[in-house]
Amino acid sequence: MENKKEFFLECYKHGIIKFGQFTLKSGIESPFYVDLRPLASDPKILKNLANHLLNMLPLDNFDLICGVPYAALPMATAMSLESHLPLIIKRKEAKQYGTKKLIEGLYTKGQNCLLVEDVITSGKSLLETIPEIENEGINVSDVVVVLDRGQGGKELLESKGYRVHTLFTIQEVCGILKEEGHLLDDEIARINDFLAGNIVKFEEKKRLSYEQKLAISDHSVAQKILTIATEKKSNLIASADVLTTQELLDLAEKVGPHIVALKTHIDIISDFDMQKTILPLQALAQKHNFLLMEDRKFADIGNTQELQFSHGVYKIAEWADFVTAQVIGGFESLDCFRNVGVVAILGMSSKGTLTDAHYQEEALKIAESHPNVFGGVSQKKLPEELILFTPGVNLESKGDNKGQQYNTPEHVFKNLHTDFIIVGRGIYKSTDVEKAALQYKIEGWNAYEKSIS
Ligand code: BMP
């Protein structure tokens, strides 16, 4: 079983906790919102969750297990299957006919029941549920909870003599999300303020629009791509990870009208030829008004990169409008990319990437200060002077079996303030490539407009 932090990050991908401004049932404005129900739809996560919860306490003392309806029902069921503790079901309301039972299942008076709850807030709902179980002659001493919202519920139950075992606290998950760059200091400060019982003020910093970015951009490629975005009402970059010149040109022709740039991995084209591949590609780029982005991810010393950039078979310097480069070789390694724009690889979308918070901080210093760099590839927010390119975008899939991890356009524009989405298989693997490109273009543009409104 993965450790708690890794497990939480897996759960987080299912959108179980959102940050922003939410009006709770009580009318109070909260800076975060928790909903663990989506976890029940992922069998692997549900099984792991059951085991994490079961591992929190010795089980010898329990004869039964019961989830507080409804969110904890699948959790208690999974825990029952993993531990062989028999499940009983607590109804929300007693049946109006027949047995009028409130508790369903097989049990006898005097048995000890482990209670399962998804989220504990004030603790009031647990204090209503527990007596209903106890009234049936079943003992309740312990409650396992997936997430403690840190609003006094645990303490209230403990003051009544119940033991509460929580898998995660809100403070703990905020710490994890900060470490991973998903939460900024001011968001954490707001959450702490809220948890201290204060009324929080929401002054969300607005992201910059393309026009505003254009006004502050001095790199010519940044200006070009931002201009194309506003002209075509598109923030879509199609990743052309295809293997032949014919496929590349077919794709470029079909997606051309909908994209701001076509991203290539030119070294995977088996029949590459400057005349037959690049000249027609450039003609299509001109016809449909898009840029050519070569995703070479240079990662060497400056001298070698210079050779790789200008020489060899591909002669990238002759045709690419902009390239991607790692910054692992240091500031000066990027000097060779004159006349093109550089998008620095700051963080990667794949599982287990080594681009952790420290790496990204250091990489960002280079990206922000190097005149050839106008943007970054990242899964985190970037300073607004840089243009953020986000790959790992797919409307239908959460990932592949090779470590790729996907988000939706809505997520990346709202939460990361992405400027351009990069979509590969979501488009080129589609049965109708043009329709798919149009769909991503519309979804991306709507998500962008929502994020600036
Ligand atoms: P797809 O949407 O099919 O997963 O393709 C994503 C594309 O973006 C690939 O070409 C990949 O090389 C690139 N990419 C990525 O997926 N994650 C990163 O962090 C950086 C990338 O350049």
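The values are calculated or read from the model by the stated rules, or taken from the named source; none is laboratory data. These numbers were taken from a predicted model, which means no experiment stands behind them. When we count neighbours, we look across all protein chains shown, and the Cβ atoms used for this are built from the backbone with ideal geometry, even at glycine. Accessible surface areas use protein heavy atoms only, side chains included; no ligands, DNA or RNA. Shrake-Rupley method; radii C 1.70, N 1.55, O 1.52, S 1.80 Å.
Go through (1) of a type in the set (Gly, Ala, Ser); (2) touching a helix residue (DSSP H, G or I) at 6+ places or on another chain (Cβ under 9 Å); (3) outside any helix (DSSP H, G or I) and name the single condition Ala437 misses.
Single failed check for Ala437: (3).
So for the stretch 312-324 (the condition being more than 14 Å from the ligand (Cβ to nearest atom), among the β-branched types (Val, Ile, Thr) and buried (at least 22 other Cβ atoms within 10 Å of the Cβ)), does at least one residue qualify?
The answer is yes, given that some residue of the stretch 312-324 is more than 14 Å from the ligand (Cβ to nearest atom), among the β-branched types (Val, Ile, Thr) and buried (at least 22 other Cβ atoms within 10 Å of the Cβ).
If I go through the stretch 216-229 residue by residue, how many of them are surrounded by 14 or more Cβ atoms within 10 Å (Cβ to Cβ) and not in a loop (DSSP other than H, G, I, E, B)? Lay out the reasoning, then the answer.
Taking the stretch 216-229 first, the residues surrounded by 14 or more Cβ atoms within 10 Å (Cβ to Cβ) are 217, 219, 221-229.
From what's left, not in a loop (DSSP other than H, G, I, E, B): 221-229.
Result for the stretch 216-229: 9.
Would you check which residues across the stretch 131-148 are surrounded by fewer than 21 Cβ atoms within 10 Å (Cβ to Cβ) and over 17 Å from Leu59 (Cα atoms) and list them?
Pro131, Glu132, Glu134, Asn135, Glu136, Gly137
Considering only residues of the stretch 383-430 that are aliphatic (A, V, I, L, M), part of a helix (DSSP H, G or I) and open to solvent by less than 10 Å² (accessible area, probe 1.4 Å), which is farthest from the ligand (Cβ to nearest atom)? Lay out the reasoning, then the answer.
Residues of the stretch 383-430 that are aliphatic (A, V, I, L, M), as a first pass: 386-388, 393, 395, 412, 416, 421-423, 427.
Subsequent filtering for residues that are part of a helix (DSSP H, G or I) retains 412, 416, 427.
Remaining after also requiring open to solvent by less than 10 Å² (accessible area, probe 1.4 Å): 412, 427.
Working: Val412: 12, Ile427: 8 Å.
Filtering the stretch 383-430 for residues that are aliphatic (A, V, I, L, M), part of a helix (DSSP H, G or I) and open to solvent by less than 10 Å² (accessible area, probe 1.4 Å), the one farthest from the ligand (Cβ to nearest atom) comes out as Val412.
For Lys213, state whether it is part of a loop (DSSP other than H, G, I, E, B), open to solvent by 10 Å² or more (accessible area, probe 1.4 Å) and under 26 Å from Asn394 (Cα atoms).
no
Say we look at the stretch 175-207 and pick out the residues that are touching a Lys or Arg at 6+ places or on another chain (Cβ under 7 Å) and not small (Gly, Ala, Ser); which of these is farthest from Ser30 (Cα to Cα)?
Ile176
Scan the stretch 230-252 for residues that are away from the ligand (no atom under 16 Å from the Cβ) and in a helix (DSSP H, G or I) and jot them down.
Thr230, Glu231, Lys232, Thr245, Gln246, Leu249, Asp250
Looking only at the stretch 108-126, filter to residues that are under 32 Å from the mean Cα position of the chain (by Cα) and small (Gly, Ala, Ser); which one of those is surrounded by the fewest Cβ atoms within 10 Å (Cβ to Cβ)?
Ser122
Looking only at the stretch 287-306, decide whether some residue is part of a strand (DSSP E or B), surrounded by fewer than 19 Cβ atoms within 10 Å (Cβ to Cβ) and within 16 Å of the ligand (Cβ to nearest atom).
Yes, that holds for at least one residue.
Taking the condition of being within 16 Å of the ligand (Cβ to nearest atom) and among the charged types (D, E, K, R), how many residues in the stretch 253-274 meet it?
2
Just need a number here: residues in the stretch 170-210 that are open to solvent by 60 Å² or more (accessible area, probe 1.4 Å), in a loop (DSSP other than H, G, I, E, B) and at negative phi.
Looking only at that region, the number is 11.
Could you please tell me which pairs satisfy a Cβ distance under 7 Å, a separation of 6+ or placement on different chains, a first residue in the stretch 341-359 that is within 16 Å of Glu6 (Cα to Cα), and a second residue that is within 11 Å of the ligand (Cβ to nearest atom) and open to solvent by 70 Å² or more (accessible area, probe 1.4 Å)?
Every condition considered, the pairs that remain are Thr355/Met348.
Among (1) surrounded by 15 or more Cβ atoms within 10 Å (Cβ to Cβ); (2) free of Cβ contacts under 8 Å to residues at least 24 places away in the same chain, there is one condition Gly67 misses while meeting the rest; what is its number?
Only one criterion is unmet by Gly67, namely (2).
With the stretch 1-91 as the region, which strands (runs of 3 or more DSSP E) entirely inside it contain at least 1 residues that are more than 23 Å from Gln151 (Cβ to Cβ) and either of a type in the set (Ser, Thr, Tyr) or in contact with a helix residue (DSSP H, G or I) (Cβ under 9 Å, 6 or more places away or on another chain) (or both)?
By residue number, 64-67, 87-90.
With respect to Glu332, is the statement that it is more than 14 Å from the ligand (Cβ to nearest atom), without any contact (Cβ under 8 Å) to a residue 40 or more places away in the chain and under 24 Å from Glu179 (Cβ atoms) true?
no
Quick check: is even one residue across the stretch 359-376 assigned to a loop (DSSP other than H, G, I, E, B) and within 12 Å of the ligand (Cβ to nearest atom)?
Among the residues of the stretch 359-376, not one is assigned to a loop (DSSP other than H, G, I, E, B) and within 12 Å of the ligand (Cβ to nearest atom), which makes the answer no.
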